[in-house]
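Presented below is the structure to which this report refers.
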Amino acid sequence: NIIDVHTGAVERIPVSRMVSTGSGVSTMWENSPNEIYLSIDRVVFAFSPQTHKAKQVKLAGVPDTITILSYLKDSRQNEWLCTTAGLYNKKPGSEQFKLYDLSNVEASDEGSNHVTGVFESKKYGLWVITNNGLFLYDYNTDKIGRHGYDKKWGDIFATQDINSFYEDPKGIAWIGTWQGGLSRYDLKTKRIKTYTSDNGLPSMSVQSILADQKNNSLWLSTFDGLSRFDLKTEQFSNFSIADGIQGQLFADGSCLKTSGGLFAFGGANGVTIFNPDEVNKNSIPPRVFLTDLKLFNKSIVPGDKSILEKPIDETDEISLSYNQNNLSIEFIAIHYSNSSKNKYSYKLENYDNEWRDVGNQHVVFYPKLSPGEYTFRVKASNDKGVWNEKGAMLKIIINPPWWKTTWAYILYAIIIVIAGFSMDRYVRRRLVQRERERSRARELEQAKEIEKAYYKLEQTHETLKATQSQLIYSEKMASLGELTAGIAHEIQNPLNFVNNFSEVNKELIEELTEERHKPQGARDEKIEDEILNNIKENEEKINHHGKRADAIVKGMLQHSRTSSGQKEPTDINALADEYLRLAYHGLRAKEKSFNAKIEANFDSNVGKINIIPQDIGRVILNLINNAFYAVSERQRLDDASYVPTVTVTTIKDNGKIEIKVRDNGNGIPNGIVDKIFQPFFTTKPTGEGTGLGLSLAYDIIKAHGGEIKVDTKEGEGSEFVIQLPAV
């Protein structure tokens, strides 16, 4: 029938006027504002609403042997034809349709080419539903893949005959199947969750799916009425002819959501139209009661000696022994509107992980409950799906047997502690006895070892004393050798002068003799006087240097004398100056190439102090020798710009006399500064030092009531400071 919207006139155009077979219209779509395409059997007609005339048309690329079941123009202006022989597509600007043969996709067959509908996804592409599988077309790759059919790629659908489809705003696909229930498919995880009649679905065949305005519920048409599925609670509310729907049997894909918010579902007996927001408003939920409690399948009657003091519906808590753990609980929901469609859901807290939906079953059985505390809760809904969430509850306490009570465990613990304590005491006594025996044996063995060690220690001590004496003697001889070398060098200078001037005088005397043997007229008295004056000057020099050599020899004899250990007034400046020169010349005697800058800064206020001169002289000589050694070592390694310098300074300050010996050598490493005054510690190579020089110096200064300290910095040099009392 064609209705003219302007005049209201109705004109019936029989299908037989278009095609001889008389088949119905399978689908239609608007080709242009004045032209509607009608698919009837295997023929497509172009119908004009203005002229009320139809003509057969040929769709390029679509054979005449197939039937077009549905049409879609997507957001990209692609045209899609769902047919009995595959999926056809015509892109914008293309002249003909292109076939996608779904039977060539993995695990597909001719049934997969019976395409009943397509749905454009907001996230993934184009969903394709068929009589054998769910497919997804990818716009980017122009490829079609199958979903939910092979366990190696994820979960699978209960059946592959897809009746209906819906994609929610989150991209979750809801699929209604033939005899496979309702399935929730997450494309990202490939997980499928299927809801069946066990969950409250009225029929296993879901024909159409619509979502309400807020996407809180899905409305499903089935082979046994309508059903509303709450997405939050996952509960089904079912509606039958008794609720006013047109019939129980609905058709595939026959659904519509109007712009006004109405839902329409078509079926064998007409169309059911309703506002989903108005359904179940003002519907009162049922009242839920517990009706019976059974132990080992026998009802418990309230009474004085019974488990129940009051009827079960007035009891909040029961306490049972460990062997009263076989329970049955009956319950009921009271509602006077179609109470046969009331539904129940129960949960035993501390036993069940989730609520159990049991339809209209109103009894639950728990065999062999373990001791513990449980809470049984039951809720129910009326025939409109309105739930009494509070429902009814019963707290169940199953007491443990006496041997599993807290007091029993305390007793066990006490027994274990006592037994452990007794065992510990016994073991301790045995261990102590064995340890005493072992200790006696060890003490005897240790006594023998101590005796042997004491004998060896005496021998070692004697050897050490002899070695120490030899080292001290070696140190003294080394110091004496250095002193002797310096003295020899000092004596050599004046002796050289004496010898030189003696030879000159000899030559002058010979010249004078020759001059005097000349005839009287040939003699030159001026030359004779000059020669005599030169001889006189040379004799004075010979006398001076002879006295110098004599002084050096006397000083050597004085220092060679054994120390008496008696302090005597001594000029510190003279002592320091003499040993400075002796040390320098001693080093020069060893190494002719060595040169150093010597600086002497002596305080004239120092004067004489009471010391043992031989001992203090030995200390000063050791420090000066070490300073020359340090600068000579650096001179070997440093560049030509380095000037080795040794400075000896004396100062009188605050009742103390300080003697400072400073060098600009390499300095002493921080890690060994604290060890330099220890006996036998030396940084010199083997054979060049005994390690006793600074140790003896430290002992000598301490014996004089003074102190010796060192201030050093690596790479810059060291300064040794001797502090002695001024009196």
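The values are calculated or read from the model by the stated rules, or taken from the named source; none is laboratory data. Model, not experiment: these values are computed from the prediction. Glycine also receives a Cβ, built like all others from the backbone with ideal geometry; neighbour counts cover every protein chain displayed. Remember, those area values only see protein heavy atoms, side chains included, never the ligands or the DNA or RNA. Shrake-Rupley method; radii C 1.70, N 1.55, O 1.52, S 1.80 Å.
The number of residues in the stretch 392-432 being closer than 30 Å to ILE334 by Cα and open to solvent by 20 Å² or more (accessible area, probe 1.4 Å) comes to 3. Considering only residues that are out of contact with any strand residue (DSSP E or B) (no Cβ under 7 Å at 6 or more places or on another chain) and within 17 Å of VAL648 (Cα to Cα), look in the stretch 599-615 and name the one that is surrounded by the most Cβ atoms within 10 Å (Cβ to Cβ). In this case the residue turns out to be GLY607. In a residue-by-residue description of the stretch 41-58, the property of being β-branched (Val, Ile, Thr) and free of Cβ contacts under 8 Å to residues at least 24 places away in the same chain applies to at least one position.
Having 3 or more residues that are at positive phi and open to solvent by 50 Å² or more (accessible area, probe 1.4 Å) is the bar; report the strands (runs of 3 or more DSSP E) wholly within the stretch 124-184 that clear it.
none
Considering the stretch 625-636, the residues that are within 10 Å of ASN666 (Cα to Cα) and of a type outside the set (Gly, Ala, Ser) include one that is nearest to the chain's Cα centre (by Cα), namely ARG634.
All conditions but one from (1) polar (S, T, N, Q); (2) closer than 17 Å to LEU187 by Cβ; (3) part of a strand (DSSP E or B) apply to GLN56; the one that does not is (2).
Restricting the stretch 670-695 to residues that are farther than 17 Å from ALA627 by Cβ and open to solvent by less than 70 Å² (accessible area, probe 1.4 Å), the residue that is modelled with the highest pLDDT is ILE672. The residue that is surrounded by the fewest Cβ atoms within 10 Å (Cβ to Cβ), among those in the stretch 301-327 that are within 27 Å of GLU389 (Cα to Cα) and among the β-branched types (Val, Ile, Thr), is THR315.
When the residues of the stretch 336-350 are filtered to those that are surrounded by 20 or more Cβ atoms within 10 Å (Cβ to Cβ) and among the aromatic types (Phe, Trp, Tyr), the one that is modelled with the lowest pLDDT is TYR344. Any residue in the stretch 132-146 that is touching a strand residue (DSSP E or B) at 6+ places or on another chain (Cβ under 7 Å) and closer than 21 Å to MET204 by Cα? Yes, some residue in the stretch 132-146 is touching a strand residue (DSSP E or B) at 6+ places or on another chain (Cβ under 7 Å) and closer than 21 Å to MET204 by Cα. Do you know which residues across the stretch 261-286 are modelled with pLDDT of 85 or more and of a type outside the set (S, T, N, Q)? Within the stretch 261-286, GLY261, LEU262, PHE263, ALA264, PHE265, GLY266, ILE273, PHE274, PRO276 meet the criteria.
So if I check each of LYS347, LYS298, LYS294, LYS341, which one is in contact with a Leu (Cβ under 9 Å, 6 or more places away or on another chain), basic (Lys, Arg) and more than 24 Å from GLN213 (Cβ to Cβ)?
Details: LYS347 fails: in contact with a Leu (Cβ under 9 Å, 6 or more places away or on another chain); LYS298 fails: in contact with a Leu (Cβ under 9 Å, 6 or more places away or on another chain); LYS341 fails: in contact with a Leu (Cβ under 9 Å, 6 or more places away or on another chain).
That would be LYS294, the only listed residue that is in contact with a Leu (Cβ under 9 Å, 6 or more places away or on another chain), basic (Lys, Arg) and more than 24 Å from GLN213 (Cβ to Cβ).
Restricting the search to the stretch 513-533, which residues are within 22 Å of PHE501 (Cα to Cα) and surrounded by 12 or more Cβ atoms within 10 Å (Cβ to Cβ)? Within the stretch 513-533, GLU515, ILE527, GLU528, GLU530, ILE531, LEU532 qualify. Remark: pairs (first residue in the stretch 312-332, more than 11 Å from LEU369 (Cα to Cα); second residue in a loop (DSSP other than H, G, I, E, B) and open to solvent by 70 Å² or more (accessible area, probe 1.4 Å); Cβ separation under 8 Å; 6+ apart in sequence or on different chains) = THR315/GLU309; SER328/ASN297; GLU330/HIS362; PHE331/HIS362; ILE332/HIS362. Could you please let me know if SER381 is within 26 Å of TYR195 (Cα to Cα), among the small types (Gly, Ala, Ser), out of contact with any Cys (no Cβ under 6 Å at 6 or more places or on another chain) and open to solvent by less than 70 Å² (accessible area, probe 1.4 Å)? Here the answer is yes, as SER381 does meet what is asked.
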